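Every number here is computed from the coordinates shown, using simple stated rules; none is lab data. Since we're looking at a predicted model, the values are computed, not measured. When we count neighbours, we look across all protein chains shown, and the Cβ atoms used for this are built from the backbone with ideal geometry, even at glycine.
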Amino acid sequence: MKRNQPQHAAPSSADRMRNIEPVICYPVEGLPQPDISGLQEIRRTATQSDQITVPPRDAACIVVPAGAFFRITSVEGPQVGDLNLWSADDLNERFYSGKTRALHGTHLSTGDRMWSSFPMMRPMATIVDDSLDWYGFDQFGGSVHDVIGTRCDPYTGRLLSGDDYHHCCHSNLTRALAAHSKLPLHEAEAYVHDVLNVFMCTGFTRDTGQYFMKASPVRPGDYLEFYAEIDLLVGLSACPGGDCSSEHSSDTADCHPLEISVWIPDGSTRTKHEMPQLNAYDRSHGVG
Ligand SMILES: [Zn+2]
């Protein structure tokens, strides 16, 4: 991290360079824009087809067909969820948190999309409703639903504390994917990836740029809702950090379940769904 006492003297142009206005790396105006109000209208025709409860300190998987909606809801008490998405047809196509962050910023909300890994790189899901969108950014620069964290995992825990904790989100998602896909545990583990931290309130400290978390504002009944752009396998872990107000990677925090419900629009509406094409780059990488 950046220390307060640099070992090198600043050049005479330091202030001029610091005062250069930043430019947005990836202006999103060029992206195909989702029709959010159209999707919200379709959502009103949808009926619930499926539902699962994700137990505290555990994870679960559920299939969501393209053109359907899924909603993650807080029940019983404040709880953070770590979300993974895979193409239901090919686990190699998975959510790309880093590129989604580069396109949509550090925290997601209504209108943002969850993009898939290279070489597919297409929208997997579009956020259509967020009951916590009122939170915005707080005085510390914190906000909810980040794509800056990774997922709590036993390897980092081992490095930092020397202990093994088996109910981190990484292990929860690994067990849930292995059980769902019937893959051996270590094969399933390789498909678990960086997450969307649903309901988690996070940011970077202003002085050191360190990743911080604070008590999530989520209350029972709050939800984040998505439109499935492709056939999805959705994995969700109810983080052992609970509301992530103090610590994770232990059994200390109060933890609560999360619910995922799936909503199918009526038949005629659903047939209008257009599957996003695979990314059109030819993959020649300048060779030949
Ligand atoms: Zn976690």
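Relative to one another, the C-alpha centroids of segment 190-217 and segment 154-182 are positioned 18 Å apart. Computed on segment 187-288, the Cα convex hull volume stands at 229 Å³ per residue. Taking label positions 7 Å along the Cα-Cβ direction at both Arg16 and Arg44, the computed distance is 5.8 nm, reported to one decimal.
Name the residue from Phe204, Gly286, Gly111 whose Cα lies farthest towards the positive end of the charge dipole of the chain, charges +1 on Cβ of Lys and Arg and -1 on Cβ of Asp and Glu. The Cα lying farthest towards the positive end belongs to Gly286. A simple packing score, the average count of other Cβ atoms within 10 Å per residue, orders the peptides 12-18, 274-280 as 274-280, 12-18, with the highest score first.
When the convex hull of the C-alpha atoms of segment 27-111 is computed, what volume per residue in Å³ does it have? Intermediate results must be reported in sequence, preceding the final value.
Working: hull volume 12.8 nm³, N = 85.
Spelled out: Cα convex hull of segment 27-111, divided by residues, is 151 Å³.
Comparing Pro32, Pro55, Pro123 in a Gaussian network model of the chain (Cα springs below 10 Å), the most mobile by mean-square fluctuation is Pro32. Net length available on complete extension from Ala215 to Arg283 is 20.1 nm, with 0.36 nm assigned per residue and the Cα-Cα distance removed. Segment 224-252 and segment 47-107 have Cα centres lying 8 Å from one another. When the Gaussian network model of the chain links Cα atoms closer than 10 Å, the mean-square fluctuations of Ala66, Ala102, Ala125 top out at Ala102.
Taking the Cα centre of the chain as origin, work out the dipole magnitude from +1 charges on Lys and Arg Cβ and -1 charges on Asp and Glu Cβ, in debye rounded to 20.
Details: 23 positive and 37 negative charges, 136 e Å.
It works out to roughly 660 debye.
Let me know the longest stretch in the chain that avoids all chymotrypsin sites (Phe, Trp or Tyr not before Pro) found in a DSSP loop with at most 12 other C-beta atoms within 10 Å. Value returned for the longest uninterrupted segment is 138-280.
Once you charge only the Cβ atoms, +1 for Lys and Arg and -1 for Asp and Glu, what is the size of the charge dipole of segment 112-173 about its Cα centre, to the nearest 20 debye?
Details: 4 positive and 9 negative charges, 65 e Å.
Value, rounded to 20: 320 debye.
Compute, for segment 182-288, the length of the dipole vector about the Cα centre, with Cβ point charges of +1 (Lys, Arg) and -1 (Asp, Glu) only. Units Debye, rounded to 20. Approximately 220 debye in magnitude.
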